[in-house]
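Working notes, structure below.
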Amino acid sequence: MTARLPHAPPAGAGMIALVVVVLCAACGSLHHSGPATSTLSRRSSGDLAPIRAPYAPRIDAGDFVAAIDNPYFPLRPGTAFHYRGVAENGRTPQTDDMVVTHRTKVIMGVTATVVRDTVTSNGKPIERTFDWYAQDRAGNVWYMGEDTRELEHGRFVKQSDSWQAGIDGAQPGIIMPGKPRPGDAYRQEYYPHHAEDQAEVLGRGGSLAVPAGSYNNTLLTEETSPRLDPGVAERKYYVAGVGDIKEQAVRGNHELIQLVSVTR
């Protein structure tokens, strides 16, 4: 499940706006009340992580916070998200367990949360990934890289689309905006010729039922990689206070995963 800075906020009044951002994120609201006085708060995800080239987002460690509490992508250490679905062929059953660890990794001066993702097929792990995420003061969750290994001839082998921001030309992107707005398009990851995912907020996804439960209000995004996988598109549904509940390919293959449960 996948990849996409600004100047440090002004002192004084800017701190008041930051407090408002944190409080609103905690209560599940995407629209922060009060004046947005910081430069970071006023910029959209499309401005911070534009899909156009050349791509060089400005990363300032001072713009980041410790906790990832974006309502649509909360990553509280110790939480595990359990998914079930089918592989790209649309037939082979798969499970996916995403665990938010207590570990961190410093990338480009930013302390990122380490998430362990394990894909299992026929009762055996076939892919293991460590993803690195960090949240800025405006609530945008940045994707800082991944270490992906797939089972090959009985061994887990590092894949060519593994990347770390700041190394070998790789750059971070935004995985979930602090204020998702319909029409916003943003880069999720950028490792030229290897990982170049981008996403667009489509808007409300309506009501949706998955094994974990039924939800009345969802947020819908679409992820593509026009240069590397031009025929593939995947739609993802998110619920405030929960996170990612469904991922379904709509072009290029038949992969589908749905949230089964969340444990803490």
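Read-outs: derived from the displayed coordinates by stated rules, not from any lab. In this text the structure is predicted, and so the values were computed from the model without any measurement. Here the Cβ is made from the backbone with ideal geometry for all residues, glycine too, and neighbour counts use every protein chain on show.
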The simple spin-label model distance between ASP60 and ARG181, using points 7 Å out along Cα→Cβ, in nm, is 2.1 nm
With a point put 7 Å past each Cα toward its Cβ, work out how far HIS254 is from ILE126 in nm, to one decimal. 1.4 nm
Testing the spin-label approximation: label points 7 Å from Cα along Cα→Cβ at GLU152 and VAL99. State their distance in nm. 2.6 nm
Taking 45 Å as R0, compute the FRET efficiency from the Cβ-Cβ separation of SER160 and ASN216 and round it to 0.05. 0.65
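Can you give the charge dipole size of the chain about its Cα centre, rounded to the nearest 20 debye, using +1 on the beta carbon of Lys and Arg and -1 on the beta carbon of Asp and Glu?
The dipole of the chain has a size of about 500 debye.
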Once you order the gyration tensor axes a ≥ b ≥ c over the Cα atoms, which shape class does segment 96-221 get: rounded for a/c under 1.5, otherwise prolate or oblate by comparing a/b with b/c? oblate
Across 10 Å bins beginning at 0, the whole-percent shares of Cα-Cα pair distances in segment 13-263 come to 7, 30, 41, 19, 3, 0
Could you line up ARG76, ARG84 from fewest to most neighbouring Cβ atoms inside 10 Å? ARG76, ARG84
At 37 °C and 0.692 mPa s, the Stokes-Einstein diffusion coefficient in µm²/s for segment 49-122, with hydrodynamic radius from the Kirkwood sum on alpha carbon pairs, is 218 µm²/s
Given Cβ charges of +1 for Lys and Arg and -1 for Asp and Glu, the option among ALA212, PRO192, PRO125 whose Cα lies farthest towards the positive end of the dipole of the chain is ALA212
Lysines within cross-link reach of LYS158: Cα-Cα under 27 Å, excluding same-chain residues under 8 positions apart? LYS105, LYS124, LYS236, LYS246
Only helical DSSP H runs with n ≥ 4 go in: add -39500 (n - 2.57) per run for the chain, normalise by residue count and round the 222 nm mean residue ellipticity to 500 deg cm²/dmol. -2000 deg cm²/dmol
